[in-house]
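Undergrad: Take a look at this one; I'll ask things after.
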Amino acid sequence: MMLRIGQGFDIHRLESGEGLTLGGLWIPCDFRVIAHSDGDVVLHAVMDAMLGALALGDIGALFPDTDPRYQGADSAALTRIVRDRCCHQGYVVGNLDLTILCERPKISPYRDAMREVIAQVLEIAVDRISVKATTCEQLGAIGRREGLAVQATVLMLAHA
Ligand SMILES: [Zn+2]
């Protein structure tokens, strides 16, 4: 198989705070993510999409939150581990498409910087990475700013 597709989803609760890390990028705002790790919802969804494409399980199995090694873990470092594992299986990310669902913070000012950081972590060209964002029109938990969710779709390519 030369092509494999994967999807990832992650959601975390928000509380009052000084900011959050999304896609490896620090975004100052009035919220923080409640999480065992650094709570990078974007990279969590990306890792699950990559692992899913290759049927390698999920980040919960790979980096259990009961393991103290992953307390406050840097998700960019974990994503590099996943990238290396995929590479070992013979695959690289062909392209990645992300949708961030949140009312706040506003993502558009950070979109291109986030794409650059993710491109560096995955060691691929930035034009293979798409970051989109939508609000939930004030509907449901995300609409009430209780949480932030990310959907990721990735195409993995067999490298020559
Ligand atoms: Zn997560």
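Undergrad: When residues of the range 19-47 are filtered for being assigned to a loop (DSSP other than H, G, I, E, B) and free of Cβ contacts under 8 Å to residues at least 40 places away in the same chain, how many remain?
TA: 6
Undergrad: Ok, one more. If THR79 satisfies all but one of (1) under 24 Å from ILE124 (Cβ atoms); (2) more than 13 Å from the ligand (Cβ to nearest atom); (3) at pLDDT 95 or above, what's the number of the condition it fails?
TA: (2)
Undergrad: Would you tally the residues in the range 53-73 being crowded, with 21+ Cβ neighbours inside 10 Å and without any contact (Cβ under 8 Å) to a residue 60 or more places away in the chain?
TA: Count: 1.
Undergrad: Can you tell me which residue is nearest to the ligand (Cβ to nearest atom) among those in the range 2-18 that are in a strand (DSSP E or B), in contact (Cβ under 8 Å) with a residue 60 or more places away in the chain and farther than 17 Å from LYS132 by Cα?
TA: Here the residue is HIS12.
Undergrad: Let me ask you something else. Out of curiosity, is VAL126 on the phi < 0 side of the Ramachandran plot, surrounded by 16 or more Cβ atoms within 10 Å (Cβ to Cβ), out of contact with any Pro (no Cβ under 7 Å at 6 or more places or on another chain) and β-branched (Val, Ile, Thr)?
TA: no
Undergrad: Return yes or no: is ASP97 out of contact with any Phe, Trp or Tyr (no Cβ under 7 Å at 6 or more places or on another chain) and either within 16 Å of the ligand (Cβ to nearest atom) or free of Cβ contacts under 8 Å to residues at least 12 places away in the same chain (or both)?
TA: no
The values are calculated or read from the model by the stated rules, or taken from the named source; none is laboratory data. Being a predicted model, the structure only gives us computed values, none of them experimental. Using ideal geometry, Cβ is built from the backbone for each residue, glycine included, and neighbour counts are taken over all protein chains shown.
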